[in-house]
Structures are given as C-alpha cells and as structure tokens.
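Presented below is the structure to which this report refers.
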Amino acid sequence: MAFLNFRSPPLPLPPDDYQFGYFMDLIRSLGVSFGAIDSRAGITVEKVVSDVVQLPFGALASSNGANNNVTLPNTSFVRITGPSGSFSITGIQPGASPNGRLAILYNTTSQDMTISHNSSSSATANRIYTNTGSDVATTGTGVVILIYSVTDSRWILLSSLT
C-alpha cells in the first residue's frame with residue numbers, strides 16, 4: 001500500500017546524440033515498469049517480462065564434430081548455424097563477469113547437437129554440467145539453456161528442448 005499514491009515522473013525526450021529507436025524502446029520499457037507500480041490491480045510478472053525483457057540476439061557458426069572452448073557473441077540468445085553433420089559443444093568460454101550469465105543456444109541446423117558433460121576437451125572453467133552425468137543431445141533443430149556458475153566454474157544445463 002506504500003505505492004498507492006505513487007505516480008511516476010514524466011520521462012524525458014532523447015538527446016540528439018542517441019539513437020532514437022533505442023532510446024524510445026528504453027522509455028517505453030521504463031513506462032511499463034512504472035505503470036506496473038502505478039497499477040492498483042497489482043504487478044504481474046508476465047506483463048513486465050513480456051513488455052520489457054528482450055534478449056540480445058547473436059549468431060555462432062559451428063563446425064562438424066567437437067566444438068571446444070566455444071566463444072559466444074556477447075548476447076544471451078545464440079542462433080547456431082554451419083554444421084552439415086552431427087556436432088558437439090564441449091565447453092563455452094564464460095566471458096567477462098560471467099556469474100549468472102544466461103546462454104540460450106538455438107540449433108537451426110537439421111544436424112544433431114550434443115552438449116558434452118564435463119568434457120576434458122575444453123578448459124576446466126569452460127566445461128558444462130548437464131545434471132545427468134552424461135551427454136545430452138538434441139535431435140536436429142533444438143534449444144538448450146545454460147547458466148554460468150562462478151562457484152562451480154562451470155556452465156549448468158537448465159533445459160534442453162528438441
């Protein structure tokens with residue numbers, strides 16, 4: 001009830017040196033967030049997430065066979081292309097400030113993708129725990145979701161969809 005009489009301040013127009021579309025998306029997102037706080041109907045996570053959260057999108061060209069110590073683009077959602085045969089990912093470089101970094105890998109090829117469990121083919125801090133004790137494979141087009149744990153010095157597989 002502390003926010004019952006709260007009203008968001010008016011939001012500014014972008015300065016001339018900002019990309020207009022990006023700045024307007026930011027203003028819209030802030031407006032949705034403040035609107036959720038202003039609402040007497042309560043805040044719903046679905047509304048804020050669907051209206052505000054947009055994951056950066058990137059691409060990764062993989063090759064057939066083992067892909068060791070893969071370097072992802074600086075994005076959360078990665079579209080994989082390239083392989084003309086089955087391939088595996090044995091490890092991913094975590095990058096700067098990796099704790100809690102989310103990686104969604106979307107295999108757009110028709111080739112099977114295997115996520116290797118704790119493979120010694122990749123550096124220790126780049127390895128992946130699948131939580132099954134063995135490799136996890138997608139059949140053709142599929143998606144895996146991973147998060148990086150600094151405590152474990154590993155990527156943790158959260159989900160795999162085929």
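The residues neighbouring residue 93, those whose beta-carbon lies less than 15 Å from its own, together hold a net charge of +3 under the Lys/Arg +1, Asp/Glu -1 convention. A convex hull fitted around the alpha carbon atoms of the stretch 65-162 yields 81 Å³ per residue.
For a quick check: with amide H placed at 1.01 Å from N, whose amide H comes under 5 Å from residue 66's, ignoring anything fewer than 5 positions away on the same chain? Distant-sequence amide H within range of residue 66: 88. Multiplying each eigenvalue of the alpha-carbon gyration tensor of the stretch 111-162 by 5 and taking the square root yields semi-axes of 19, 12, 8 Å, largest first, rounded to whole angstroms. The calculated FRET efficiency for the pair residue 161 and residue 124, based on their C-beta separation and a Förster distance of 25 Å, comes to about 0.35.
Here the stretch 88-130 is described by how far its Cα atoms reach on the three principal axes: 33, 22, 15 Å, from widest to narrowest.
By count of other Cβ within 10 Å, fewest leading, how are 150, 144, 78 ordered?
Listing 150, 144, 78 from fewest to most nearby Cβ atoms yields 150, 78, 144.
Computed over neighbours whose Cβ is under 14 Å from that of residue 152, the net charge equals +3, Lys and Arg +1, Asp and Glu -1. On the basis of the beta-carbon distance and an R0 of 30 Å, residue 141 and residue 97 show a calculated FRET efficiency of 0.45. With neighbours defined as other Cβ atoms within 10 Å of a residue's Cβ, the residues 124, 141 order from fewest to most as 124, 141. Taking amide hydrogens as placed 1.01 Å from N in the peptide plane, the amide H of residue 108 sits under 5 Å from those of 80, each at least 5 positions away in sequence or on another chain. Normalised by 2.2 N^0.38 Å, with N the number of residues, the alpha-carbon radius of gyration of the stretch 66-105 equals 1.22.
All of the numbers you see were taken from the coordinates with simple rules; none came from a lab. Remember, predicted model here, so these are calculated numbers, not experimental data. So basically every Cβ, Gly included, is an ideal-geometry build from the backbone, and we count neighbours across all protein chains shown.
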